[in-house]
Each structure stands twice: as structure tokens, then as C-alpha cells.
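Below is one structure, written out as C-alpha cells, with a few remarks after it.
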Amino acid sequence: YDVGIGPLNTPDGELMSRAVVELAAGVTVRDTDSAAIADGWGRSDTVVAGDPAIGVQVPSVNAASPDGPVLGVSLRQWDSGVDPEVWNTALASIVDAHLERSGGRAVFIDCHRAVRWPLTDDAAAAADVISKMKFADRATTVAAETPWQERVAVIESCDVVLAMRYHAALFAMRAGVPTVGLSYDAKVASLFADWGLPAN
């Protein structure tokens, strides 16, 4: 039901995923790249239906700041193919450069709370980036413990969003907020491609 398929980096992962797709009575996926994978497994009835979150209604909030535009930032921990120290330092420089140009502030929105699974602590990722920022005093955070509807409302009220998290990008684009996606995973690139925004 509205799943993303891939990337499948191991034979076992592909075997199990293919078995689930073949055994299902019906398959709906959230992007055309996932549909192509299912189709390649002989599933010609796959339907691209988008992510279920697209229809969620949230309250409106006003993130407007007297200090200028608000940059929403949604990060996650990541160490696959990158040095986290170099990565987070680069992200801090990017946010600083934007704040220097805009004169605004940044709000870091955590999408995922820390659980017993590697790379799930969004708060730690945000804290590390903020600690490296020149304009750290112009950065605030919205914790993962905040009700998700409120976090989505903050994302949708930003002036621009920088998103690693798939759903942060989805909600920002749904609201018409200019959005830059950091494609740590194929699903992020697929989301932008399906919205007519191919990777650069």
C-alpha cells in the first residue's frame, strides 16, 4: 500500500521484496521508480498512488519572523558514503550562507525521534549542525516529541525548506514552499522527479 521500493542493495533484500510484491493481491506505490521495479518483476497492475501523507490536514501556524524569512531544515543522521563530520560542517556552512543572504532565521524540524535503530536521531543531527554554525543564535528547533501535525504546520509555513527527510520535502512542496531536497536515498530523488523537479 503506497510503498517505496528500493534501493535494493543485497540479493536477500531483493528476493524478499520481490516475494512480497508477487504474493500481494494488489500493489500501490508512491513513485514511478518504485512502479518500474515492480513492473520489472512482472507486476503489470502496479498503481502509482503517491504517499498517503499527502492528504493529511494540519492546522495552520505562522512561523513568520520579524527578523526575516524562515528557513526550515529537516535533517537526519547519515554516514553511508560520507564522513559525518565533513557532511555536517558543509550543512552548517550552507545554512549560514542562506541566513547571511536572507537576514532571517532557521528552524530545524525533527521528523524522527531516536529509537534503537542506527541513524534515526534527527535531534542529534540538528544539534551537531547548529553547533558548527556561525549564526547558531538564529537557529531554533522543533523536537520530534512535538505532535506531528504541529511539525508539519511549521514546515508548511516556512519561506523555504532544506529537507533530507522525505516527508518534510513532501509537506513543504504540497504547501507550495520552495524546497531543496538532499537526496540521501533514492526515494527523495524519486519524489522530486515525480513532481517535475529532477535532480541537479
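Worth a mention:
- Members of region 1-31 found to be in a loop (DSSP other than H, G, I, E, B) and either open to solvent by 60 Å² or more (accessible area, probe 1.4 Å) or of a type in the set (S, T, Y) (or both), listed by number: Y1, P7, N9, T10, A25
- Single residue of V107, V48 found to be in contact with a helix residue (DSSP H, G or I) (Cβ under 8 Å, 6 or more places away or on another chain), in contact (Cβ under 8 Å) with a residue 12 or more places away in the chain and open to solvent by 30 Å² or more (accessible area, probe 1.4 Å): V48
- Residues of region 136-164 classified as without any contact (Cβ under 8 Å) to a residue 24 or more places away in the chain and either closer than 25 Å to S93 by Cβ or assigned to a strand (DSSP E or B) (or both), total: 2
- Cβ separations smaller than 6 Å between residues 6+ apart or across chains give the following pairs from region 1-27 residues that are of a type in the set (A, V, I, L, M, F, W, C) to residues that are not in a helix (DSSP H, G or I): V3/V29; V21/V27; V21/W41; V21/R43; V27/R43; V27/T46.
- Test: residue in region 73-92 that is in a loop (DSSP other than H, G, I, E, B) and in contact with a Lys or Arg (Cβ under 8 Å, 6 or more places away or on another chain): yes
- Whichever residue in region 135-183 is open to solvent by 40 Å² or more (accessible area, probe 1.4 Å) and within 9 Å of the chain's Cα centre (by Cα) and, among such residues, is farthest from L8 (Cα to Cα): H167
- A search for C-beta distances below 9 Å between a residue of region 79-101 that is buried (at least 19 other Cβ atoms within 10 Å of the Cβ) and any residue that is at pLDDT below 95 and among the acidic types (D, E), counting only pairs 6+ apart in sequence or on different chains, returns W87/D79.
- Residue within region 20-38 that is of a type in the set (A, V, I, L, M, F, W, C), modelled with pLDDT under 95, under 24 Å from V152 (Cα atoms) and out of contact with any strand residue (DSSP E or B) (no Cβ under 9 Å at 6 or more places or on another chain) present: no
The values are calculated or read from the model by the stated rules, or taken from the named source; none is laboratory data. Nothing here was measured: the structure is a model prediction, and the numbers come from that model. Here the Cβ is made from the backbone with ideal geometry for all residues, glycine too, and neighbour counts use every protein chain on show. With ligands, DNA and RNA removed, areas are computed over all heavy atoms of the protein, side chains included. Shrake-Rupley method; radii C 1.70, N 1.55, O 1.52, S 1.80 Å.
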